[in-house]
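*Asks:* Sharing a structure with you now.
The values are calculated or read from the model by the stated rules, or taken from the named source; none is laboratory data. Not measured: the values here are computed from a predicted model. Ideal geometry is used to build each Cβ from the backbone, glycine not excepted, and the neighbour counts take in all protein chains shown. Quick note on the areas: whole protein, heavy atoms, side chains included, nothing else; ligands and nucleic acids left out. Shrake-Rupley method; radii C 1.70, N 1.55, O 1.52, S 1.80 Å.
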Amino acid sequence: MKDRELTALQTALAAEHAAVYGYGVVGGRIRPDRRTEAKAAYDAHRARRDALVREVRDLGGTPVAAAPAYALPFPVPDSAAAVRLAAELEDRVAGVYSDLVRSAEGELRGTATAALREAAVRAVRWRGESVAFPGLAERDRAASAPASGTPTA
């Protein structure tokens, strides 16, 4: 169980690294009236990232490092694209946390559930609508997308 938890934690950490990077792009393109929301999401992902680093170390692992850059899923030339990117980032993070919920037990499962819920709520705020099962819809998209060696935000 510990190995499965550690693998899921490392995957969540990698997703949080990508989300932090992605929100840097969002913050640079978003309309001024939504910057506070983008900053709050950025801060939330940084806090989750830092907590995951501690969790990985507590399980005896070496935390996965952030990539120097991430390939974005689409160009982000303006605020509308930044909003779509923010929703996409949250969908991807929700998918990773749904895996962590399945892999974890006890307190870690509760923490992963809270992170999944937070990502789903942020995705709804960015998108303006919800999905039936947060964390699952994006897995279907990811499974049908071609694989690449470049991490995506």
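*Asks:* Please work out how much length the chain gains when fully extended from T62 to R35, using 0.36 nm per residue of separation minus the C-alpha to C-alpha distance, in nm with one decimal.
*Replies:* Extra length from T62 to R35 when fully extended: 6.4 nm.
*Asks:* Order the peptides 12-19, 48-55, 26-33 from the highest to the lowest mean number of other Cβ atoms within 10 Å of their residues.
*Replies:* Working: 12-19: 24.9, 48-55: 18.2, 26-33: 15.8.
So the peptides 12-19, 48-55, 26-33, ranked by packing, come out 12-19, 48-55, 26-33.
*Asks:* Sort V93, V124, V83 by heavy-atom solvent-accessible area, probe 1.4 angstrom, most to least.
*Replies:* Working: V93 5, V124 55, V83 25 Å².
Final ranking, largest accessible area leading: V124, V83, V93.
*Asks:* Taking amide hydrogens as modeled 1.01 Å from N in the peptide plane, which residues meet the under 5 Å criterion relative to L72, leaving out close sequence neighbours?
*Replies:* A153
*Asks:* Could I ask something else about it? Is there a quick way to get the dipole size of the stretch 9-100? I mean about its Cα centre, with the Cβ of Lys and Arg at +1 and of Asp and Glu at -1; what is the value in debye to the nearest 20? Working shown, then result.
*Replies:* Numbers: 12 positive and 12 negative charges, 54 e Å.
In total the dipole reaches around 260 debye.
*Asks:* Could you tell me the relative contact order of the stretch 24-89? Use alpha-carbon pairs under 8 Å, at least six residues apart, and round to a whole percent.
*Replies:* 51
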